[in-house]
């Protein structure tokens, strides 16, 4: 279960977040008289999306490298343990 600020993900939390997003996000944008004023928000949101996508990709790439590293270390340790059983000598000290 995903925890956000030590709060459990419940239906009432989702409802509250949807209402807050509507009242503070959608409603003010819908009440604008001029659509031209949205161009600045559009550029800001596009920049946010690009930065967020880069952050996600970099984080996932680092995780993939780290996970592959951990898997390789586990395989190496299991090979060392198998060799230790065969030879009777401990290769890796614990």
List, please: which pairs have Cβ atoms under 9 Å, are six or more places apart or on different chains, and start with a residue in the range 22-38 that is on the phi > 0 side of the Ramachandran plot and modelled with pLDDT of 80 or more and end with one that is surrounded by 10 or more Cβ atoms within 10 Å (Cβ to Cβ) and in a helix (DSSP H, G or I)?
-> none
Please list, ordered by first then second residue, the pairs with beta carbon atoms under 6 Å, 6 or more apart or interchain, first in the range 72-85 and at negative phi, second at pLDDT below 70 and not in a helix (DSSP H, G or I).
-> 80/91; 80/92; 83/91; 84/90; 84/91
May I ask you to list the residues in the range 18-50 that are outside any helix (DSSP H, G or I) and surrounded by 10 or more Cβ atoms within 10 Å (Cβ to Cβ)?
-> 32
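The values are calculated or read from the model by the stated rules, or taken from the named source; none is laboratory data. For clarity, every value in this text was computed on a predicted model and none was experimentally measured. So basically every Cβ, Gly included, is an ideal-geometry build from the backbone, and we count neighbours across all protein chains shown.
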